[in-house]
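Report on one structure; see the data block that follows.
The values are calculated or read from the model by the stated rules, or taken from the named source; none is laboratory data. The structure presented is a predicted model; accordingly, all values stated were derived computationally and were not measured. Cβ sites come from the backbone with ideal geometry, for glycine too, and all protein chains shown count toward neighbours.
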Amino acid sequence: MERHEADMRRALELAERGWGRVSPNPLVGALVRSLDGDVVGEGWHEGPGTPHAEAMALAVAGTEARGATVVCTLEPCNRFGRTPPCTTALIEAGVARVIVGATDPGLGEGTPGIAELRGAGIDVVTDVLGAGCRALNEAFERHVLTGRPFVVLKSASSLDGKTAAADGTSRWITSDEARADVQRLRAWSDAVVVGSGTVVADDPSLTVRDHRYADTRPPRRVIVDSTGRVSATARVFDGSAPTLVATTDRTSHGRVSAWEETGAEVVIIDRDEAGRVSIPGLLDALGKRDVQGLLVEGGAHLAGSFVDGDLVDRFVFYLAPKVIGGERAPGMVAGAGWMPVDAGLGLVFERIERIGPDLKVVARVHRHR
Ligand code: AOF
Ligand code: ZN
């Protein structure tokens, strides 16, 4: 078992090589340990249309895969997608044993990949470092099971939770280091969403500019603009990354055409009771477009809509060692808020880090399911 866990740790490292590129597929790593006890093949998934991790590892191992143990972070697939099934490849290679980290909810009920391997007489061990293997693909799993993305809400504020001073100045509250860390969050995301107020006030480009993520796919830029306030000359329409505008039927046809002329996709979403873009409707529309990991970057009103709807899975708060104060200085999350106080969202802290002079606090919504 210890050997299996050490091999699984290595397979997890291999899986990470596809980071930021595999969506809408999962990150997967695999290795082949021969009858003699040597690692004779390693593989990982690089993204849609490229070989699966197991197929890559088996190809390297060649005939040494006969009688071998194959360690996979994810249950091997048993169906044709863009590539042939891994179960067939494992059976044909004559492997004796398969060690699986997490099951693949994308294969349907009853872990059919594992069932097929067992049916062929292969010894299958499951749930080796299962939690770590599942965590790697939490957004993939959420999307497969619900059709909606996994939602991360990011905020950068002073220690007292202010995102700007009362005069509207906000550049910069957090450090260069903290802002560089946000680039990694964006690179993780399939889409980054902001409200119209943020676009009007800050004119952000919402792109990944850090050269460390140059080979990751650019996240889709999503603007929530219920009434058509944002001009088609805003930076998010510069064509440097895919852009989607989520709006309602309150926006004029002229505005919609102007957005579309920049190459952006415009999606008309149902209104909520206040006449704004329905956030559940937005999540469904993004899920249909294979957005698995969604980053909410603000502002406070959009963040409030997500919080009021209990639609955030993880909060990432960057806190600067500054206190701004002032009743009129805006906070991180507006909206109606939860009442009374014990009805508020219950979170667990996942991680607390220092980033340059700032703190990064990561908390996960505790869901009873
Ligand atoms: C594996 N190993 O390395 C990956 C798996 O369309 P395809 O061929 O790329 O297949 C995508 C599906 O296969 C994906 O939705 C997920 O269920 C599984 N991914 N499975 O055995 C891999 N990437
Ligand atoms: Zn496969």
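Quick look at the values:
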| item | result |
| --- | --- |
| Complete set of residues in the stretch 188-218 that are of a type in the set (Gly, Ala, Ser) and buried (at least 22 other Cβ atoms within 10 Å of the Cβ) | 189, 191, 195, 196 |
| Those helices (runs of 4 or more DSSP H) lying entirely in the stretch 109-196 with at least 3 residues in contact (Cβ under 8 Å) with a residue 60 or more places away in the chain | 130-136, 138-146, 176-188 |
| Neighbours by Cβ (under 9 Å, 6+ apart or cross-chain): first from the stretch 29-54, not assigned by TED's automatic domain parsing to the domain that holds residue 86; second within 12 Å of ligand 2 (Cβ to nearest atom) | none |
| Matching entry among 196, 231, 240 (being touching a Ser or Thr at 6+ places or on another chain (Cβ under 7 Å), of a type outside the set (Asp, Glu) and assigned by TED's automatic domain parsing to the domain that holds residue 274) | 240 |
| So residue 233, is it hydroxyl-bearing (Ser, Thr, Tyr) and buried (at least 16 other Cβ atoms within 10 Å of the Cβ) | no |
| First in the stretch 346-365 and under 17 Å from residue 138 (Cα atoms) and free of Cβ contacts under 8 Å to residues at least 12 places away in the same chain, second anywhere and among the charged types (D, E, K, R) and surrounded by 12 or more Cβ atoms within 10 Å (Cβ to Cβ), Cβ under 6 Å, 6 or more apart | none |
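One line per residue, one yes/no per condition, for (1) crowded, with 21+ Cβ neighbours inside 10 Å; (2) in a helix (DSSP H, G or I):
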residue	(1), (2)
250	no, no
255	no, yes
260	no, yes
302	yes, yes
305	yes, yes
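A quick yes/no check of all residues on (1) more than 22 Å from the chain's Cα centre (by Cα); (2) more than 12 Å from ligand 2 (Cβ to nearest atom); (3) surrounded by 17 or more Cβ atoms within 10 Å (Cβ to Cβ):
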{"residue": "7", "(1), (2), (3)": "yes, yes, yes"}
{"residue": "12", "(1), (2), (3)": "no, yes, yes"}
{"residue": "20", "(1), (2), (3)": "no, yes, yes"}
{"residue": "32", "(1), (2), (3)": "yes, yes, yes"}
{"residue": "47", "(1), (2), (3)": "no, yes, no"}
{"residue": "53", "(1), (2), (3)": "no, no, yes"}
{"residue": "63", "(1), (2), (3)": "yes, yes, no"}
{"residue": "74", "(1), (2), (3)": "no, no, yes"}
{"residue": "77", "(1), (2), (3)": "no, no, yes"}
